[in-house]
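Q: Right, I'll just put the structure down here and ask away after.
The values are calculated or read from the model by the stated rules, or taken from the named source; none is laboratory data. Given the structure is predicted, the values throughout are model-derived calculations rather than measurements. Neighbour counts are summed over all protein chains in view; Cβ atoms, including those assigned to glycine, are modelled from backbone coordinates with ideal geometry.
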Amino acid sequence: MSLNQALHLVLYEGAGAEALTPQSRLAAMTTLLDRGYAVSRTNGDIALVQNRHTVVMVLGQFANGNLPPVQQPGVTIRFQDISGLDGAQLAAQVEAFRAETSSPKHGEWKPWFPVIDYDRCTNCMQCLSFCLFGVYGVDTNQRIQVQNHDNCKTNCPACSRVCPEAAIMFPKYKAGPINGDVVSDADLQREKMKIDISALLGGDVYQMLRERSERAKSRFSKERDADKALKERQKCLVKLAQSGEIPAEVLMALPSPEEIQRRAQEAKAKAEAALAKQ
Amino acid sequence: MSAAPRILYCNCTYAQVVSKEVKEAVLRKLCESGVAFEAVADLCEMSARKDPSLQRFSNCGKLKIAACYPRAVKWLFSSANAALPLDQTEVLNMRVQSAEEVCSAINNLEIQPNLPAGKAAVPPANELPAAAAVA
């Protein structure tokens, strides 16, 4: 995850610039937001805007040549006259400045990752021991936190399903309470039931997957039929996808059973170590 | 006279979970109104990037945010080390509210703080006060 300061855009309509029509203001805003930029719309107060960002592009109708005064050390700022530019031309000007200033590019990653509600979280570490992709870790106080957002598998809300307190949100998920909607008692009962069912089945879905794979492996070692083995694994994965709303592509992308086992043990050890230090 | 709240609009650019009609109508109304406002492509992305802008928003005083669920917004800011002040933040939820409701709330200069404070849960319907009274 790039921590570079993002390019910030200012749609400026204060002194020295002509006001935009509401239609052209909306068109400019839409063009820029759709390309992932943040935009401040201001009639003045440009000093405040400058203080808040280190790379700023000020967009406005400066056809009369009266640019607002700029005196802000440490701020890379450019004024861009947008008179007569259409959406594509505006986007091209902004993109050129972004590249020139090495500001992060937007839209290369769908921001899908867990968000922890610490009002609800009990630091039980179930999410840490469940996730095979190293999304979770602990801070210096042994508190669970999301450390590797990029590792999270897009559209997979599986870890939120194992949280007994419904404390894990995915704001872009379709339904509550995972999307951040208020948690109801009924939701909590449902979450608890899921854990119980999982326990009755012999553990979490990865555990189920491992056991299923092991059973399949012993059968296939006798049969020596690689095609059957693959079909068996796929069948198992499809079942898991159907039962847990885990996207099939996520399950299909899981590593080998041996690697799953290694990662699961690693995650479990991390969780146990964190719990021991609490 | 107290200062008008700042307005922050999230376009939720990288997902289709907020109704396009509502998003577009709210943005159009903001553009037509002529008020100063901040628009961001996606608060989730900014949170993951720990964009320093989030800290500045959280420190700006009264703030109205047109985005999604207040609980999600609260913790998106928090995870970027930008805890929002509970008494000065109002979140308008474009996933469930109409554009008219969101715009009306934005135009109201008073803040109706609505970030969840603590571990709130909605009790089952049969335990709600109205149901209890009927029973």
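Q: What tally of residues in the range B:15-56 results from selecting those that are at the interface with chain A (Cβ under 7 Å from one of its Cβ atoms), touching a residue at least 40 places away in the same chain (Cβ under 8 Å) and acidic (Asp, Glu)?
A: Residues that pass the stated criteria total 0.
Q: Looking at (1) aliphatic (A, V, I, L, M); (2) at pLDDT below 95; (3) in a helix (DSSP H, G or I), which one does residue B:17 not meet, given that it meets all the others?
A: (3)
Q: A further question on this structure: For the subset of the range B:37-59 comprising residues that are surrounded by fewer than 20 Cβ atoms within 10 Å (Cβ to Cβ) and in a loop (DSSP other than H, G, I, E, B), which member is nearest to the chain's Cα centre (by Cα)?
A: By that ranking, first place goes to B:59.
Q: Can you tell me which residues in the range A:37-61 are modelled with pLDDT under 90 and either charged (D, E, K, R) or more than 19 Å from residue B:34 (Cβ to Cβ) (or both)?
A: Hits for the range A:37-61 are A:45, A:47, A:50, A:51, A:52, A:53, A:54, A:55, A:56.
Q: Within the range B:20-36, which residues are buried (at least 16 other Cβ atoms within 10 Å of the Cβ) and assigned to a helix (DSSP H, G or I)?
A: B:22, B:23, B:25, B:26, B:27, B:28, B:29, B:30, B:31
Q: Which condition does residue B:12 not pass, out of (1) on the phi > 0 side of the Ramachandran plot; (2) touching a residue at least 24 places away in the same chain (Cβ under 8 Å); (3) more than 16 Å from the chain's Cα centre (by Cα), if it passes all the others?
A: (3)
Q: Still on this model: So, in the range B:1-14, how many residues would count as being under 14 Å from residue A:37 (Cβ atoms) and part of a strand (DSSP E or B)?
A: 2
Q: Which count do you get for residues in the range A:113-123 that are more than 8 Å from chain B (Cβ to nearest Cβ) and crowded, with 22+ Cβ neighbours inside 10 Å?
A: Looking only at that region, the number is 1.
Q: Here's a check for you: in the range A:160-180, which residue that is modelled with pLDDT of 90 or more and farther than 17 Å from residue B:75 by Cα is farthest from the other protein chains (Cβ to nearest Cβ)?
A: Ranking the qualifying residues of the range A:160-180, first place goes to A:175.
Q: A further question follows. Looking only at residues in the range A:84-112 that are at negative phi and within 15 Å of the chain's Cα centre (by Cα), which one is farthest from the other protein chains (Cβ to nearest Cβ)?
A: By that ranking, first place goes to A:108.
Q: Residues of the range A:255-278 being surrounded by 14 or more Cβ atoms within 10 Å (Cβ to Cβ) and either in contact with a Lys or Arg (Cβ under 9 Å, 6 or more places away or on another chain) or at pLDDT below 70 (or both), which ones?
A: A:257, A:260, A:261, A:264, A:274, listed by residue number.
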